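Student: Okay, handing you the structure first.
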Amino acid sequence: MTRPGPAQRLQAGWQRRGVGARLLWPVSLVYRFIWSLRLGLYRFGVLRTERLPVPVVVVGNVIAGGAGKTPTVIALVEHLASRGIAVGVVSRGYGRTPPENDGEHGLEVEDGSDPRAVGDEPLLIRRRTGVPVFVGRRRAATARRLLAAHPQTRLLVCDDGLQHLALARDVEVCVFDDRGIGNGWLLPAGPLREPWPRAVDLVLHTGLSPAFAGFRGQRRLADLARRSDGATVALASLGSQRLAAVAGIAQPEAFFEMLRARGLVLEETHALPDHADFASGLPPIAADTIVLCTEKDAAKLWRHRPDALAVPLRFELPADFTARFDRLVDARLSSASRGR
């Protein structure tokens with residue numbers, strides 16, 4: 001079993017105001033000044049915020065590290081599609097290595113795209129939802145390319161980007177997990193990317209124990225895991241097997257605990273850095289051991305272990321959240337149809 005890596009230890013340190021956090025607190029004041037200056041430049045028009053011809057929903061967080069943005073994006077896109085709304089997704093594609101032809105306007109994510117070029121999360125969103133997904137360094141330019149390629153698109157969802165003030169947004173969804181705001185301090189003394197509280201349209205909690213008010217979604221593992229060839233295996237059938245779990249996500253222990261909660265006994269767990277590319281393969285795992293991984297890691301891990309089982313995460317949005325979200329979206333769509 002692997003020990004927690006530097007990222008996991010850092011996240012744990014950010015949950016309290018210990019010696020390390022206090023030593024870094026003066027640096028966080030510099031961060032706060034820079035953030036406030038940047039915010040002021042946008043508010044007074046020195047830096048430009050670009051508005052797109054369709055409404056934009058931003059799903060993001062204010063803490064460093066994953067809080068459940070991608071499952072939330074997938075759930076929202078599926079919900080919008082079920083209402084007959086043509087939606088597209090824009091993402092920076094964190095952790096990717098852009099190809100030479102990426103340019104300033106990004107590129108479209110296809111089902112067979114290389115996760116190293118487009119990012120593991122955008123590829124997962126594309127495969128799960130089937131909607132147009134584009135990645136690029138400049139979100140507004142990337143969004144315009146998506147709209148040009150898919151002119152039927154009526155609404156855009158921006159995966160992450162709550163702090164990307166260059167792109168105007170119509171609805172902001174801020175996602176939290178059980179860490180809440182940690183010790184409440186800004187980077188690097190704490191996990192906050194910007195001061196909290198701040199005005200957002202919706203607060204959504206993805207964990208089991210919300211730290212403060214907001215809507216709470218329900219997450220669970222799917223009943224079936226999938227191999228690279230598309231074959232599926234019931235999780236319930238794995239109880240007597242030798243199992244190892246691998247996760248290259250921000251909170252790997254959360255994945256391991258969800259597997260254990262399904263009655264699976266994990267002989268090994270391997271917590272890797274978020275967006276790990278598995279370039280050096282896997283830690284030594286016996287050939288007769290079944291490898292379980294997250295759906296996000298699967299496209300990269302299958303290059304080395306095509307027999308690994310990807311276990312999808314299902315995230316259910318609460319009804320009161322979707323009702324309020326729909327009212328906000330419908331108002332923005334109505335405004336857009338009238339030319340804003």
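The values are calculated or read from the model by the stated rules, or taken from the named source; none is laboratory data. Note that this is a predicted model, so its numbers are computed, not measured. Ideal geometry is used to build each Cβ from the backbone, glycine not excepted, and the neighbour counts take in all protein chains shown.
Student: All but one of (1) among the aromatic types (Phe, Trp, Tyr); (2) surrounded by fewer than 24 Cβ atoms within 10 Å (Cβ to Cβ); (3) part of a strand (DSSP E or B) hold for Phe134, so report the exception by its number.
Tutor: (2)
Student: Which one of Val131, Val157 is farther than 27 Å from Arg43 by Cβ and of a type outside the set (D, E, K, R)?
Tutor: Val131 is the lone residue from the list that is farther than 27 Å from Arg43 by Cβ and of a type outside the set (D, E, K, R).
Student: Looking only at the stretch 146-166, which residues are buried (at least 21 other Cβ atoms within 10 Å of the Cβ) and either charged (D, E, K, R) or in contact with a Ser or Thr (Cβ under 7 Å, 6 or more places away or on another chain) (or both)?
Tutor: The answer is Leu146, Asp159, Asp160.
Student: Let me ask something additional. For the stretch 262-314, enumerate the residues that are touching a Pro at 6+ places or on another chain (Cβ under 7 Å) and within 9 Å of Ala244 (Cβ to Cβ).
Tutor: Within the stretch 262-314, His270 is the sole residue that qualifies.
Student: Can I ask one more? Yes or no: Arg16 among the charged types (D, E, K, R) and surrounded by fewer than 17 Cβ atoms within 10 Å (Cβ to Cβ)?
Tutor: Considered against the rule, which asks whether it is among the charged types (D, E, K, R) and surrounded by fewer than 17 Cβ atoms within 10 Å (Cβ to Cβ), Arg16 comes out as yes.
Student: Hey, another quick one. Looking at the stretch 155-169, is at least one residue within 15 Å of the chain's Cα centre (by Cα), of a type in the set (Gly, Ala, Ser) and either in a strand (DSSP E or B) or closer than 23 Å to Phe315 by Cβ (or both)?
Tutor: yes
Student: What number of residues in the stretch 112-139 are of a type in the set (Ser, Thr, Tyr) and farther than 12 Å from Pro99 by Cα?
Tutor: Total satisfying the criteria: 1.
Student: In the stretch 7-46, how many are part of a loop (DSSP other than H, G, I, E, B) and more than 27 Å from the chain's Cα centre (by Cα)?
Tutor: 4
Student: Tell me which residues, restricted to the stretch 296-311, are in a helix (DSSP H, G or I) and charged (D, E, K, R).
Tutor: Correct list: Lys296, Asp297, Lys300.
Student: Can you say whether Ala245 is outside any strand (DSSP E or B), in contact (Cβ under 8 Å) with a residue 12 or more places away in the chain and buried (at least 17 other Cβ atoms within 10 Å of the Cβ), as far as the supplied structure shows?
Tutor: no
A quick yes/no check of all residues on (1) small (Gly, Ala, Ser); (2) in contact with a His (Cβ under 9 Å, 6 or more places away or on another chain); (3) in the same structural domain as Asp330 (by TED's automatic domain parsing):
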position: Ser91; (1), (2), (3): yes, no, no
position: Asp114; (1), (2), (3): no, no, no
position: Arg126; (1), (2), (3): no, no, no
position: Phe134; (1), (2), (3): no, yes, no
position: Arg139; (1), (2), (3): no, yes, no
position: Leu147; (1), (2), (3): no, no, no
position: Leu165; (1), (2), (3): no, no, yes
position: Val175; (1), (2), (3): no, yes, yes
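Student: If I filter the stretch 218-230 for residues that are outside any helix (DSSP H, G or I), among the hydroxyl-bearing types (Ser, Thr, Tyr) and surrounded by 17 or more Cβ atoms within 10 Å (Cβ to Cβ), do I get at least one hit?
Tutor: no
Student: Sticking with this one: Select from the stretch 29-69 the residues that are among the polar types (S, T, N, Q), surrounded by fewer than 22 Cβ atoms within 10 Å (Cβ to Cβ) and touching a helix residue (DSSP H, G or I) at 6+ places or on another chain (Cβ under 8 Å) and list them in ascending order.
Tutor: Thr49
Student: Go through (1) surrounded by 14 or more Cβ atoms within 10 Å (Cβ to Cβ); (2) not in a strand (DSSP E or B) for Val233 and report which single condition fails.
Tutor: Only one criterion is unmet by Val233, namely (2).
Student: When you scan the stretch 119-131, how many residues do you find that are crowded, with 23+ Cβ neighbours inside 10 Å and of a type in the set (Ser, Thr, Tyr)?
Tutor: Count: 0.
Student: Checking the condition in a loop (DSSP other than H, G, I, E, B) and touching a helix residue (DSSP H, G or I) at 6+ places or on another chain (Cβ under 8 Å), which residue from Pro188, Pro210 passes?
Tutor: Selected residue: Pro188, the only one of Pro188, Pro210 that is in a loop (DSSP other than H, G, I, E, B) and touching a helix residue (DSSP H, G or I) at 6+ places or on another chain (Cβ under 8 Å).
Student: State which residue pairs qualify: first residue within 10 Å of Pro191 (Cα to Cα) and inside the stretch 7-22, second residue assigned to a helix (DSSP H, G or I) in any location, beta carbons under 6 Å apart, and separation of 6 or more residues or different chains.
Tutor: Gly13/Gly20
Student: While we're on this one: Going through the stretch 80-131 one residue at a time, which ones are of a type in the set (A, V, I, L, M, F, W, C), in a loop (DSSP other than H, G, I, E, B) and under 21 Å from Ala166 (Cα atoms)?
Tutor: The answer is none; no residue qualifies.
Student: Which of (1) surrounded by 20 or more Cβ atoms within 10 Å (Cβ to Cβ); (2) aliphatic (A, V, I, L, M); (3) closer than 18 Å to Ser228 by Cβ does Ile285 not meet, given it meets every other one?
Tutor: All conditions pass for Ile285, except number (1).
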